[in-house]
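**Student:** Have a look at this one before I ask anything.
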Amino acid sequence: MLVLSNCLSKIADEGCLKVAVNLVGRIKKAQPQTTVVTYDRESEISDVCLQVNKLLLNRRLISIIRRYRGQVLYIPFPARTLATAIRVFILSLFSGKGLKVISVMKYHNNFFSRLLLRLSGAEFIVFSKDAADYYKSILGGKRVTYLTTGVDTEKFVPVSAEKSSELKIKYGFDGNKPVILHVGHLNQGRNIAELMKFDEKYQVLLVTSTLTKNEQDEDLKAKLSGCSNIKLIDDYIPNIEEIYQLSDVYFFPVSEAGRCIDVPLSAMEAASCNKPVITTDYGEMKSFLGKNGFYYIDSFERGRLNALVEQAINARNISSREAVLGYDWNNAVSYFLN
């Protein structure tokens, strides 16, 4: 198999990059003969790193692709849909039938994008039911595969209440006060400002991406930093699982399409640690409606949000981890190796 991507990175703390690094790293480990070609970003798991133009027209790349006809997996970083469609079509000319494309985020495709995707013959692999339905409307059911994936259930595990309190103290929190957590980009379009509505009795932790600081809304950052009960971390955290383990509830407020990948990895990782998740019905989060440990936002009114937090923290026998066990990365890896 040949894997081609500009999503591989030495530090993956952004959704699209995490998807690529987790999947490709596991594929490479299970099937060492897999050839990984990267461009734009460098990665320790790549076999070849090339400088390519926007159309991916590179003599060496074309030569490599032709050797793997029918066994090419393309993982593009989300871009303008027309640009992605053009690249997919061009790759299909050299890879032949069997080109697989991972789409981590559902975007609207115009007429020309749809036409190019149809003509490419590529199979699209998506991670939410919404995205599957959308691409089936363009390509038909046989060319769309929906995979449940997005979490390392061996890394993100539950810990005892005592261990959680110890981790709170380690990261500068009061070990006896509840922590509300959100991990993700800091910008207005993700409804991050809603974090300022939580009562002072809660400690709020916001962990933002280090790779996309140019996206940060500085005014929003200043307002958040001005709240006495909000702590903001924008440095890379190697043991990020500890952040989820110290929290008492995870808050995912994103509602606008295109503001996050289809399967929000942070919400999945929190659930894998068996933390209650307060969420919108964005993307794949719809699939957890009615599941134990998931609480859905029907209003961003201050009183309603605080009531949801209170309900989640006081709930007994939370089993959010059980709901996401079927989303382990290894489930997706087995699909690519079969």
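The values are calculated or read from the model by the stated rules, or taken from the named source; none is laboratory data. Owing to the predicted nature of the structure, the values given are computational and were not obtained by experimental measurement. Here Cβ is always computed from backbone atoms with ideal geometry, including for glycine, and neighbour counts include all displayed protein chains. Ligands, DNA and RNA are stripped out before the accessible areas are found, and what is left, the full protein with its side chains, is counted by its heavy atoms. Shrake-Rupley method; radii C 1.70, N 1.55, O 1.52, S 1.80 Å.
To keep it simple, each residue is scored yes or no on (1) open to solvent by 50 Å² or more (accessible area, probe 1.4 Å); (2) farther than 22 Å from residue 260 by Cα; (3) touching a residue at least 40 places away in the same chain (Cβ under 8 Å); (4) β-branched (Val, Ile, Thr).
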site	(1), (2), (3), (4)
110	yes, no, no, no
119	yes, yes, no, no
151	no, no, yes, yes
161	yes, yes, no, no
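**Student:** It is to be established whether one or more residues within the range 73-87 are without any contact (Cβ under 8 Å) to a residue 12 or more places away in the chain, assigned to a helix (DSSP H, G or I) and not polar (S, T, N, Q).
**Tutor:** no
**Student:** Looking only at the range 165-192, how many residues end up being surrounded by fewer than 20 Cβ atoms within 10 Å (Cβ to Cβ), in a helix (DSSP H, G or I) and at pLDDT 95 or above?
**Tutor:** Residues meeting the conditions: 4.
**Student:** Of all residues in the range 1-58 being closer than 24 Å to residue 148 by Cβ and free of Cβ contacts under 8 Å to residues at least 12 places away in the same chain, which is surrounded by the most Cβ atoms within 10 Å (Cβ to Cβ)?
**Tutor:** 12
**Student:** Condition test on residue 285, is it closer than 30 Å to residue 134 by Cα, touching an Asp or Glu at 6+ places or on another chain (Cβ under 9 Å), assigned to a helix (DSSP H, G or I) and open to solvent by less than 10 Å² (accessible area, probe 1.4 Å)?
**Tutor:** Working: closer than 30 Å to residue 134 by Cα: yes; touching an Asp or Glu at 6+ places or on another chain (Cβ under 9 Å): no; assigned to a helix (DSSP H, G or I): yes; open to solvent by less than 10 Å² (accessible area, probe 1.4 Å): yes.
Answer is no for this residue.
**Student:** Next up: Mind checking whether some residue in the range 194-205 is open to solvent by 40 Å² or more (accessible area, probe 1.4 Å), closer than 17 Å to residue 241 by Cβ, touching a helix residue (DSSP H, G or I) at 6+ places or on another chain (Cβ under 6 Å) and modelled with pLDDT of 95 or more?
**Tutor:** No: the range 194-205 contains no residue that is open to solvent by 40 Å² or more (accessible area, probe 1.4 Å), closer than 17 Å to residue 241 by Cβ, touching a helix residue (DSSP H, G or I) at 6+ places or on another chain (Cβ under 6 Å) and modelled with pLDDT of 95 or more.
**Student:** Just one of 205, 115, 119 is under 14 Å from residue 231 (Cα atoms) and either assigned to a helix (DSSP H, G or I) or hydrophobic (A, V, I, L, M, F, W, C) (or both); which is it?
**Tutor:** 205
**Student:** Output the number of residues of the range 307-325 satisfying the condition of being aliphatic (A, V, I, L, M), within 25 Å of residue 200 (Cβ to Cβ), without any contact (Cβ under 8 Å) to a residue 60 or more places away in the chain and part of a helix (DSSP H, G or I). Lay out the reasoning, then the answer.
**Tutor:** In the first step, residues of the range 307-325 are kept if they are aliphatic (A, V, I, L, M); the result is 307-309, 312-313, 315, 318, 323-325.
This time we only want the ones that are within 25 Å of residue 200 (Cβ to Cβ), so: 307-309, 312-313, 315, 318.
Now narrow it down to the ones that are without any contact (Cβ under 8 Å) to a residue 60 or more places away in the chain: 307-308, 315, 318.
Imposing the further condition that a residue be part of a helix (DSSP H, G or I) reduces the set to 307-308.
The number of residues fulfilling the criteria is 2.
**Student:** I've got another one for you. Determine if the range 242-249 includes at least one residue that is open to solvent by 20 Å² or more (accessible area, probe 1.4 Å), in contact with a Leu (Cβ under 8 Å, 6 or more places away or on another chain) and not in a loop (DSSP other than H, G, I, E, B).
**Tutor:** Checked the range 242-249: at least one residue is open to solvent by 20 Å² or more (accessible area, probe 1.4 Å), in contact with a Leu (Cβ under 8 Å, 6 or more places away or on another chain) and not in a loop (DSSP other than H, G, I, E, B).
**Student:** All but one of (1) modelled with pLDDT of 95 or more; (2) outside any strand (DSSP E or B); (3) not acidic (Asp, Glu) hold for residue 125, so report the exception by its number.
**Tutor:** Every listed condition holds for residue 125 apart from (2).
**Student:** Considering only residues of the range 319-335 that are open to solvent by less than 50 Å² (accessible area, probe 1.4 Å) and of a type in the set (Ser, Thr, Tyr), which is nearest to the chain's Cα centre (by Cα)? Give the derivation first.
**Tutor:** Taking the range 319-335 and keeping what is open to solvent by less than 50 Å² (accessible area, probe 1.4 Å), we get 319-320, 323-324, 326-329, 332-333.
Next cut, of a type in the set (Ser, Thr, Tyr) only: 319-320, 327.
Details: 319: 22, 320: 18, 327: 12 Å.
If we take residues in the range 319-335 being open to solvent by less than 50 Å² (accessible area, probe 1.4 Å) and of a type in the set (Ser, Thr, Tyr), then 327 is nearest to the chain's Cα centre (by Cα).
**Student:** Does the range 99-108 hold any residues that are open to solvent by less than 40 Å² (accessible area, probe 1.4 Å) and assigned to a strand (DSSP E or B), and which are they?
**Tutor:** Narrowing the range 99-108 to residues open to solvent by less than 40 Å² (accessible area, probe 1.4 Å): 99, 101-105.
If the condition is that a residue be open to solvent by less than 40 Å² (accessible area, probe 1.4 Å) and assigned to a strand (DSSP E or B), then 101, 102 are the ones that fit.
**Student:** Looking only at the range 1-39, which residues are in contact with a Cys (Cβ under 6 Å, 6 or more places away or on another chain) and not β-branched (Val, Ile, Thr)? Quick ask: steps written out before the conclusion?
**Tutor:** Restricting attention to the range 1-39, the residues satisfying the condition of being in contact with a Cys (Cβ under 6 Å, 6 or more places away or on another chain) are 7, 16-17, 20, 38.
Within the range 1-39, 7, 16, 17, 20 meet the criteria.
**Student:** Which numbered condition in (1) open to solvent by less than 50 Å² (accessible area, probe 1.4 Å); (2) touching a strand residue (DSSP E or B) at 6+ places or on another chain (Cβ under 8 Å) is the only one that residue 156 fails?
**Tutor:** Of everything listed in (1) open to solvent by less than 50 Å² (accessible area, probe 1.4 Å); (2) touching a strand residue (DSSP E or B) at 6+ places or on another chain (Cβ under 8 Å), residue 156 misses just condition (2).
**Student:** I would also like to ask the following. Which of the residues that make up the range 291-318 are open to solvent by 40 Å² or more (accessible area, probe 1.4 Å) and under 25 Å from residue 154 (Cα atoms)?
**Tutor:** Within the range 291-318, 291, 292, 313, 316, 317 qualify.
**Student:** Are any residues in the range 266-278 closer than 16 Å to residue 329 by Cβ and open to solvent by 10 Å² or more (accessible area, probe 1.4 Å), and if so, which ones?
**Tutor:** Residue satisfying the conditions is 266 alone.
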